[in-house]
Amino acid sequence: ARPGRRRRPALRPGAVTTLADAFPPFGLRIESGPLVLRPITDEVVPQLIQLALSGIHAPEAMPFFVPWTDAPAPELPFNYAQYHWGLRAGWRREAWNLEFAVEWDGQIVGCQGFFSEHYLVMRTGETGSWLGRGFQGRGIGTAMRKAICAFVFDHLDAEQITSAAYADNPASNAVSRKVGYLPNGISRKTRRPGEWQDSQQWLLTPENLVRGPELTVTGAEAFRSFIGLD
């Protein structure tokens with residue numbers, strides 16, 4: 001090294017052999033009965049894009065706070081890939097989005113996320129999800145929400161979890177009630193340009209969680225260290 005310049009620490013041999021070693025969210029896997037929450041790596045993104053293009057909701061409806069499904073079909077693949085690349089690039093301990101591909105009986109059926117800011121101080125975050133239309137109404141949405149909430153409470157030391165859904169989205173609001181969330185107020189939110197709708201807010205605490213099948217979790221220890229818990 002040149003005089004006056006600090007030498008970079010050498011990597012231990014074999015310390016980084018997979019992307020999960022560099023980015024621990026890629027090492028997380030949550031199993032609960034027929035349900036698996038798996039990392040959204042690049043090889044999974046095309047499957048989620050194809051699922052989204054096949055339809056998530058009726059064209060006249062809009063369940064999302066950001067109306068990303070309104071994008072023209074030729075633009076949606078790049079938009080969706082860019083979104084997930086952006087989540088990785090922008091990851092910070094102060095603000096992070098943890099998203100999983102949802103696998104049911106071996107088939108990719110949707111996406112389940114948990115989003116947080118200042119988690120080390122707040123110990124809370126918000127859930128968000130979507131399912132392909134062909135997989136709705138079968139209890140999968142409830143199962144994946146139970147799994148992510150149990151994971152965050154049991155493995156990440158969360159003290160509460162929030163969620164929200166527009167008042168005209170009865171399916172999402174029904175899932176919140178089934179999982180054990182309690183109503184936590186109503187607020188107005190925009191969705192499509194020039195349009196607003198009442199948004200039902202929900203709050204879940206560990207003692208109110210209605211649990212599903214026991215979890216089998218891989219990669220939690222590395223992820224805890226990555227976000228500063230250990």
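Counting only DSSP H runs of at least 4 residues, each contributing -39500 (n - 2.57), and dividing by the residue count of the chain, the helix-based mean residue ellipticity at 222 nm comes to -8000 deg cm²/dmol. Relative to the dominant Cα principal axis of the chain, helix 76-89 is inclined by about 40°. Heavy-atom accessible surface of the chain, averaged per residue, reaches 54 Å², computed with a 1.4 Å probe.
Quick one: work out the % antiparallel among DSSP beta bridges in region 89-194, nearest 5. Percentage antiparallel, nearest 5: 85. Let me know the longest stretch in the chain that avoids all GluC sites (Glu not before Pro) found in a DSSP loop with at most 12 other C-beta atoms within 10 Å. It works out to 95-158. Find the centroid of the Cα atoms in region 112-138 and in region 194-230, then give the distance between the two in whole Å. Their Cα centres are 7 Å away from one another.
Placing dummy labels 7 Å off each Cα toward the beta-carbon, the span from ALA61 to LYS189 is 1.6 nm. Within the accessible area of region 150-230, the carbon and sulfur atoms contribute 50%, probe 1.4 Å, all protein chains present. Shown here: semi-axes √(5λ) of the Cα gyration tensor in Å, derived from the displayed model; of the candidates (1) 29, 23, 15; (2) 31, 22, 19; (3) 24, 22, 17, it corresponds to (2). Label-to-label distance, THR218 versus LYS178, with points set 7 angstrom from Cα along the beta-carbon direction: 2.7 nm.
Expressed as a whole percent, the accessible surface of region 19-130 that belongs to carbon and sulfur atoms is 57, based on a 1.4 Å probe. Our coupling estimate for region 155-165, obtained by passing each phi through the Karplus curve with A = 6.51, B = -1.76, C = 1.60 and θ = phi - 60°, is 10, 10, 6, 5, 10, 7, 9, 10, 8, 7, 7 Hz, Gly and Pro reported as x. Taking a sphere under 10 Å around the Cβ of ARG224 and counting the other residues whose Cβ falls inside, with K and R at +1 and D and E at -1, yields a net charge of -3.
The values are calculated or read from the model by the stated rules, or taken from the named source; none is laboratory data. All values derive from a computational prediction rather than experimental measurement. Ideal geometry is used to build each Cβ from the backbone, glycine not excepted, and the neighbour counts take in all protein chains shown. Side chains are part of the model used for accessible areas, which takes the heavy atoms of the whole protein and leaves out ligands, DNA and RNA. Shrake-Rupley method; radii C 1.70, N 1.55, O 1.52, S 1.80 Å.
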